[in-house]
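Novice: Provided herewith is a single structure, encoded as structure tokens, for subsequent inquiry.
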């Protein structure tokens with residue numbers, strides 16, 4: 001989370017000094033995509049480790065190229081995507 005605070009003061013010719021004003025901006029990560037050799041296996045493992053669950057309306061199954069798990073309050077989503085082996089793409093996979 002990022003918090004940015006800006007303090008604004010009036011110049012002497014603008015009149016009396018103004019009170020400090022703070023502007024706050026936050027951000028939240030809600031979706032994370034992960035490249036995997038086997039999306040289904042990774043989704044099962046991480047759902048047990050993190051206490052996440054799959055979508056009951058779209059369950060993950062072996063052979064699916066994309067498997068989604070969500071936190072209990074559905075505020076965080078992990079999407080596992082099956083990709084080719086990292087030796088052919090140059091990018092690491094789990």
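Bear in mind that the values in this text are calculations on the coordinates, not laboratory data. Note that the structure is predicted; figures quoted are calculated from it, not measured. Backbone-built Cβ (ideal geometry, glycine too); neighbour counts: all protein chains shown.
Novice: Can you give the extra length, in nm with one decimal, that the chain gains between residue 66 and residue 37 once fully stretched, where that is 0.36 nm per residue apart less the Cα-Cα distance?
Specialist: 9.3 nm
Novice: Here is a follow-up. If you rank 80, 52 by fewest surrounding Cβ atoms within 10 Å, what's the result?
Specialist: Least to most surrounded, the residues fall as 52, 80.
Novice: Also, quick follow-up: Can you tell me the relative contact order of region 29-89? Whole percent, Cα pairs under 8 Å, sequence separation 6 or more. Don't skip to the answer; put the middle values down first.
Specialist: Numbers: 105 pairs, mean separation 27.4, N = 61.
Rounded, it is 45 percent for region 29-89.
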